[in-house]
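Encoded as C-alpha cells, the structure appears first; notes follow it.
The values are calculated or read from the model by the stated rules, or taken from the named source; none is laboratory data. Everything numeric in this text was worked out from a predicted model, so none of it was measured. A quick note on method: Cβ atoms are made from the backbone with ideal geometry, for glycine too, and the neighbour counts reach across all protein chains shown. These area figures cover heavy atoms from the full protein model, side chains too; ligands, DNA and RNA do not enter into them. Shrake-Rupley method; radii C 1.70, N 1.55, O 1.52, S 1.80 Å.
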Amino acid sequence: NPHAGLVSRLRAAWLSGKTRPMEYRVTQLEALGRFLDEKQQDILEATTLDMRKPSFEVELSEISICRSELNHTLNNLSTWMKDEHVEKNWATQLDLAFIRKDPYGVVLIIAPWNYPINLLLVPLIGAIAAGNCVVMKPSEISRNVERLVAEMLPRYLDKDCFAVVTAGMEETTRLLENKFDYIFFTGSPSVGRIVMAAAAKHLTPMTLELGGKNPCYVSDSCDVQTVARRVAWGRFFNAGQTCVAPDYVLCSAEMQEKLLPALRKAIDEFYGPNPQESPDFARIVGDKQFQRVQALLRSGHAAIGGQMDAEAHYIAPTVLVDVQQDDPIMQEEIFGPILPILTVASMDDAITFINARERPLALYVFSSCKKVVNQVLERTSSGGFCANDTIMHMTLTSLPFGGIGQSGLGRYHGRFSFETFSHPRAALLRGAGREAL
Amino acid sequence: MERMQQVVGRARAAFNSGRCRSLEFRMQQLKALERMVQEKEKEILAAIKADLHKSGPNAYSHEILGVLGDLTLAMDQLPSWAAPQPVKRDLLTMRDEVYVCPEPLGVVLIIGAWNYPFILVMQPLIGAIAAGNAVVVKPSEISENTARLVADLLPQYLDRELYPVVTGGVPETTELLKQRFDHILYTGNSTVGKIVMAAAAKHLTPVTLELGGKSPCYIDKDCDMAVACRRITWGKYMNCGQTCIAPDYILCDPSIQSEVVENMKATLQEFYGEDVKKSPDYERIINKRHFKRILGLLEGQKIAHGGEADEASCFIAPTILTDVSPESKVMEEEIFGPVLPIVPVKSVDEAIEFINRREKPLALYVFSNNKKLIKRVISETSSGGVTANDVIMHFFLSALPFGGVGNSGMGNYHGKHSFETFSHRRACLIKDLKMEVVNKLRYPPGSQKKL
C-alpha cells in the first residue's frame with residue numbers, strides 16, 4: 001500500500017484537532033485565494049498546454065468560479081459553522097437541541113481533466129471549510145495542471161493536513177484501498193461504480209458527480225437566433241468537454257430547418273469562418289479521447305463543420321442531422337464539439353424519448369411558452385434543469401449541483417459543499433430536573 | 001428468482017404511471033397507513049410481543065407512538081416540504097425564477113431490522129411515501145411475527161403495486177439487492193451494510209445505512225448520580241438491551257464505580273421488581289443464537305449484578321460487569337444485550353482518548369453537571385448523535401436527523417429528514433429568451449474588455 005504512510009500522517013494531523021478552529025480554516029482558504037491570484041498565469045499556461053483552453057474560457061470557467069466560491073465561503077463560514085438549533089417537542093422544551101456540523105476527518109477528492117482547476121478547487125474549498133484534512137488526486141490526463149497543482153498547492157496549504165497525490169489508473173485503485181472518511185469523485189459513471197465499490201469496503205460516504213447525455217428540447221415557439229447562440233455556446237465551450245453541455249437536440253423537422261442556419265451564424269460569430277484559427281476554441285485533450293470522439297462523427301451527416309485535424313486534436317464545431325436513436329453517437333456521452341439533432345413529432349414524443357433513457361445531469365428546454373417549460377419540467381427527471389439557456393444553473397452558488405441515477409449522487413456548490421463534507425450530528429443536552437417525566 | 005424482478009418491475013411501472021406524484025395521492029396513502037396503525041393496534045402489539053416478549057405498554061411507546069407522530073407530522077407538513085424553494089439569485093439571474101424542486105427518486109427499498117421490527121420499517125416508509133416514491137418493504141425475517149403481519153396488513157391499506165412487501169431471508173434479500181433501486185435504506189449491522197453498499201454500487205444507487213457500534217456512556221464524578229443511573233438503566237435494559245442506541249458500556253472513574261452499581265441495582269428493582277423474570281416489562285433475547293453470543297461475553301468477567309440466564313425462554317437477567325478490561329471480548333463487538341460493562345478511566349481526557357481510538361459510534365452519552373465538560377466531550381469526539389445527561393432521547397426529537405457516521409452508518413432520517421433522504425432536490429433555473437445583450441459578455445470572441 002504505497003499511500004498508507006501519507007494517509008496515516010494526515011489522519012494523525014486530523015486527530016490533533018488542528019483543522020477544526022475557524023481561524024485555521026480561514027487561513028487555509030485565504031492561502032488558496034493567494035494561489036489563484038499569484039499562479040493565475042501558470043494556470044493559463046498549463047491549461048493551454050493541456051487542451052489549448054482559450055484564456056477567455058479559463059478566466060470564466062476555472063478562475064472566476066473558484067474565486068466566487070471562495071469569497072462566498074469566506075463570507076458565510078461562521079454562519080455555516082454555527083450549531084443549528086431545532087424545534088423542540090413538549091418533552092424537551094427546557095433542553096438544548098441542535099445539529100452540530102462535524103468534519104468527517106480525512107477526505108479524498110478525485111478530480112477530472114476537463115475543468116482541472118475548478119473541479120478540484122471547488123470541492124476542496126468545501127472540504128477545508130468543513131474542517132477536514134484532504135488528499136487530492138488531480139487527473140493525470142491534464143498533465144500540466146496536475147504538475148502545477150502537485151508542485152504549487154503544497155507551498156500554499158498546510159502540508160500536514162493537505163496533500164496532492166499524482167497517480168494513474170492503477171495507482172488510484174491502490175489509493176482507494178485506504179480508508180477515507182469521505183470520497184468526492186467527479187468523472188464517468190463507469191469509474192464511479194469502481195469508486196463506490198471501493199468505498200463500500202470501508203463504509204465511506206461519497207458524492208459522485210458523473211455524467212450522461214443532457215437532452216435539449218427546442219420547441220416550435222421560440223426566438224431561433226437566441227436559442228442557437230445559447231445552445232452553441234453551451235455545446236462548444238471547452239470543445240464540448242463539459243459535463244453539463246447540451247449533448248443532443250430534440251426538435252421538430254420545421255424547427256431543425258430554422259435552427260441550422262441560426263447555428264451556422266452563431267458559430268461564425270463566435271469562432272469566425274475557420275474555428276481552427278480562433279483563439280477562443282479549445283482542443284480535445286488527448287489522442288485516446290480524440291479517437292473516441294472522431295468515431296462518433298460517423299453518425300448521420302454533418303450539416304455544419306465535420307472538419308478534423310488529428311495531430312492538433314482539433315474537431316470543428318459540428319452539427320449532425322439524420323441521426324437515429326441507435327447510432328453510436330446516441331449511445332454514449334459525446335464530450336466533444338458535436339451536436340446531433342434528432343427530430344421528433346411533438347413535445348410528448350420528446351418527453352417519451354428523454355424518459356426512455358438514463359436520467360441526465362442536466363436537462364434543457366427552449367420555449368417562449370411557459371406551458372411547454374412546465375410540462376417538460378414536471379414530466380422528466382434530471383440532476384438540474386435550465387429553461388432557455390444552457391449551463392447557467394451551475395454557476396449560481398445558491399443552487400445545489402449534482403446528478404441523479406447514473407448521473408450521480410450527492411450535490412455541492414456554495415453552502416452545499418460545506419454540508420457535503422460535514423456530518424450533521426444530532427445533539428440533545430438535557431438537565432437533571434423533571435425526572436418525573 | 002423472477003419473483004423479485006417482477007415485484008420491483010411492477011413497482012417501477014406503477015411509479016412511472018405517475019399516480020404517486022400528486023400530493024393528494026400521497027396524503028391518501030399516509031392517511032390509510034394511519035388508519036392501519038389505529039385499527040390494527042392490537043394485532044401489531046401482539047406480533048411484537050410474540051417476537052420480543054414485549055409488553056403492550058412498552059410496544060406502544062417504543063413502536064406505535066413514534067409512528068403515529070411521524071404520520072401526523074408528515075401529513076401536516078407535506079405541502080410545505082414538497083413545495084419548490086426559491087433561492088438567492090445573482091446579478092445575471094435577477095429576472096429569472098431560481099428554485100430547488102423536491103422530486104421523488106423512483107423506486108426505493110427499505111430493509112428493516114428485527115429489534116424494533118415495526119417502527120424501523122414504518123418510519124422510513126412514511127418518508128418514502130411522502131416524498132412520492134414507490135417503496136419495496138423488506139421486514140426482517142428474524143422478527144417473523146411482525147414480518148408476517150406487515151406483509152398481511154400493508155396490502156390491505158396501501159396501493160398494492162406501489163408498496164409491495166417482500167418477505168424472506170438471506171437468499172431472497174440477495175436476489176432483491178440485484179435489482180435496481182433509486183435509493184436503499186438499510187437498518188442493521190456493519191457487515192451486512194457493506195454488502196448492501198457493494199450491491200448498490202453496481203447500479204450507482206444512493207444508500208442510507210443505519211448501522212451500529214458500541215455507544216459509550218461517560219459518567220463524570222460531578223453529576224446527579226441517582227438520576228444518571230436511573231436514565232442509563234432505562235436506556236440500557238429496554239428491549240433487553242437490543243437497541244442500536246443503547247448505552248453499550250460505561251466509562252467512569254474507579255472511585256464511583258460501586259456507586260454506579262448500587263444506584264443501578266436500586267433502579268432495576270424499581271423497574272422490574274424482585275424477580276425480573278416474572279416482570280411483564282422485561283423483554284427477551286430474540287433467538288438462541290444471540291442468547292449464546294451474549295452469554296459468551298460474560299466469560300471471565302466480574303459480575304457485579306445479574307448473570308442469570310435461561311436458554312429455554314432466551315432470558316438473560318439485567319447484568320452489570322465491573323473493572324472490565326478494554327481488551328476483553330465484551331469490549332470488542334456491539335453487545336446488543338442486557339450486559340453493561342463498566343470500564344474504569346482516570347479522567348475525561350482518558351475517556352475521550354479511549355472513545356477516539358475506536359470506531360465512531362451511533363450514539364454517545366455523557367453525564368455531568370459541568371457544561372464545559374459536556375461541550376468538550378462533544379467537540380473532541382465524533383458520533384452519529386449525542387445526548388447529554390440522558391440516553392436515547394435524541395432519537396425521539398424528529399427535528400433532529402437520526403443517523404450514524406463512519407462504521408455506524410451514513411445518511412439520516414426522521415421527520416423532515418426522511419422526506420429529504422427520499423427526495424431529489426432538483427436545481428431549476430427558468431430564464432426567458434430576452435436580455436440577450438447580457439449574454440454577449442460571455443460569448444466569444446473573448447476580449448479583456450469583456451472580462
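Using C-alpha pairs below 8 Å separated by at least 6 residues, the relative contact order for chain B is 19 percent. Report the local net charge at residue A:85: Lys and Arg +1, Asp and Glu -1, summed over other residues whose C-beta lies under 14 Å from its C-beta. With Lys, Arg at +1 and Asp, Glu at -1, the net is +1. Over the Cα atoms of region B:216-395, each weighted equally, I'd like the Debye log10 I(q)/I(0) at q = 0.17 Å⁻¹, rounded to two decimals. Log10 of I(q)/I(0), two decimals: -1.05. Considering only B:244, B:314, B:218, and ranking their Cα positions along the charge dipole of region B:216-395 that arises from unit charges at the beta-carbon of Lys, Arg, Asp and Glu, the one farthest toward the positive end is B:244. Stick to the Cα atoms of region A:110-226, pair each with every other, and give me the Kirkwood hydrodynamic radius in Å at one decimal. Across region A:110-226, the inverse of the average 1/r is 15.8 Å. Stokes-Einstein, applied to the Kirkwood radius of region B:74-132 over Cα pairs at a viscosity of 0.890 mPa s and 25 °C, places its translational diffusion at 174 µm² s⁻¹.
Since only B:342, B:364, B:304 are under comparison, the one whose Cα sits farthest along the positive direction of the charge dipole of region B:216-395, derived from C-beta charges on Lys, Arg, Asp and Glu, is B:364. Against the longest principal axis of chain A, how steep is helix A:22-38, in degrees 0 to 90 to the nearest 10, with axes from Cα atoms? Helix A:22-38 sits at roughly 30 degrees to that axis.
For the residues of B:381-392, the average number of beta carbons from a partner chain within 10 Å of their own beta carbon is 5. The charge dipole of region A:215-394, taken about its Cα centre with unit charges on the Cβ atoms of Lys, Arg (+1), Asp and Glu (-1) only, comes to about 320 debye. Checking every one of the trypsin sites (Lys or Arg not before Pro) in region B:1-79 against DSSP loop status and a limit of 12 other Cβ atoms within 10 Å picks out no site at all. For region B:65-216, the Kirkwood hydrodynamic radius from C-alpha pairs, put into Stokes-Einstein at 4 °C and a viscosity of 1.567 mPa s, yields a diffusion coefficient of 76 µm² per second. Please give every one of the lysines within straight-line cross-link reach of residue B:375, meaning a C-alpha to C-alpha distance under 26 Å, and leave out same-chain neighbours fewer than 8 residues apart. Qualifying lysines at Cα under 26 Å: A:18, A:82, A:88, A:101, B:214, B:221, B:236, B:346, B:360.
How much length is gained if the chain between residue B:80 and residue B:13 is pulled fully straight, taking 0.36 nm per residue apart and subtracting their Cα-Cα distance, in nm to one decimal?
Length gained between residue B:80 and residue B:13: 21.4 nm.
Please give the average number of partner chain Cβ atoms lying within 10 Å of the Cβ of each residue in A:397-404, rounded to a whole number.
Mean shielding by partner chains, rounded to a whole number: 6.
Sorting A:45-54, A:71-80 by their mean Cβ neighbour count within 10 Å, with the most densely packed peptide first, gives A:45-54, A:71-80. Extension gain for residue A:64-residue A:4 works out to 18.1 nm (0.36 nm per residue, less the C-alpha to C-alpha distance). Taking a sphere under 13 Å around the Cβ of residue B:260 and counting the other residues whose Cβ falls inside, with K and R at +1 and D and E at -1, yields a net charge of -1. At 7 Å along the Cα-to-beta-carbon direction for both residue B:72 and residue A:27, put a label point, then send me their distance in nm to one decimal. Inter-label distance under the simple model: 5.1 nm. Think of each Lys and Arg Cβ as +1 and each Asp and Glu Cβ as -1; about the Cα centre, that makes the dipole of the protein assembly as shown roughly 460 debye. Extension gain for residue A:197 to residue A:356 (0.36 nm times residue separation, less C-alpha to C-alpha distance): 54.6 nm. By a 1.4 Å probe calculation restricted to protein chains, residue A:322 has an accessible surface near 90 Å², given to the nearest 10.
For region B:180-248, the Kirkwood hydrodynamic radius comes to 14.4 Å, computed from all pairs of different C-alpha atoms.
Beta bridges per DSSP, both residues in region A:215-394: antiparallel share near 25 percent.
How many percent of the accessible area of region A:215-394 is carbon or sulfur, using a 1.4 Å probe?
Result for region A:215-394: 49 percent of the exposed heavy-atom area is carbon or sulfur.
Within the protein assembly as shown, antiparallel bridges make up roughly 35 percent of the DSSP beta bridges whose residues both belong there.
Think of a 1.4 Å ball rolled over the protein heavy atoms: the protein assembly as shown then has 36 Å² of accessible area per residue. The modelled label-to-label distance for the pair residue A:37/residue B:255, using points 7 Å beyond Cα in the direction of Cβ, is 5.6 nm. Report the calculated FRET efficiency for residue B:156 and residue A:345 (r = Cβ-Cβ distance, R0 = 45 Å), to the nearest 0.05. With R0 = 45 Å, the Cβ-Cβ based efficiency is 0.55.
The sum of -39500 (n - 2.57) across all DSSP H runs of n ≥ 4, divided by the residue count of chain B, sets its helix-only mean residue ellipticity at 222 nm to -12500 deg cm²/dmol. For the protein assembly as shown, the fraction of C-alpha pairs farther apart than 51 angstrom is 21 percent. Based on Cα contacts under 8 Å between residues 6+ apart, region A:95-150 shows a relative contact order of 40 percent. Neighbours of residue A:402 by Cβ distance under 10 Å: Lys/Arg scored +1, Asp/Glu scored -1, total +2.
Stokes-Einstein diffusion for region B:303-362 at 10 °C, viscosity 1.306 mPa s, with a Kirkwood radius from C-alpha pairs, works out to 121 µm²/s. Percent of Cα pairs in region A:215-394 per distance bin of 5 Å, from zero to the largest separation: 1, 9, 19, 23, 22, 15, 7, 3, 1, 0.
For chain A, the Cα gyration tensor yields ellipsoid semi-axes of 40, 27, 19 Å (square root of five times each eigenvalue, largest first, whole Å). Mean partner shielding of peptide B:91-98, defined as the number of other chain Cβ atoms within 10 Å of each residue Cβ, is 3. Cross-link pairs exceeding 18 Å in C-alpha to C-alpha distance, out of B:277/B:302; A:213/B:431; A:179/B:329; A:258/A:371; B:178/B:202, comprise B:277/B:302; A:213/B:431; A:179/B:329; A:258/A:371. Evaluated at q = 0.07, 0.08, 0.10, 0.13 Å⁻¹, the base-10 log of the normalised Debye intensity for chain B, with identical point scatterers placed on the Cα atoms, takes the values -0.41, -0.52, -0.76, -1.15. Here the dipole of chain A is about 1320 debye; that uses its Cα centre as origin and unit charges on the Cβ of Lys and Arg (positive) and Asp and Glu (negative). Packing, taken as the mean count of other beta carbons within 10 Å per residue, orders the peptides B:162-168, B:105-111 from highest to lowest as B:105-111, B:162-168.
Ignoring ligands, DNA and RNA and using a 1.4 Å probe, state the total buried accessible area between B and A in Å², rounded to the nearest 100. Buried area (both sides, nearest 100 Å²): 6900 Å².
Once C-alpha pairs closer than 8 Å and six or more residues apart are averaged by separation and normalised to the residue number of region A:215-394, the relative contact order reads 31 percent.
Placing a pseudo-label 7 Å from each Cα along the Cα-to-Cβ vector at residue B:172 and residue B:358 gives an inter-label distance of 3.5 nm.
Each DSSP beta bridge with both residues in chain B is either parallel or antiparallel, and the antiparallel ones are about 35%.
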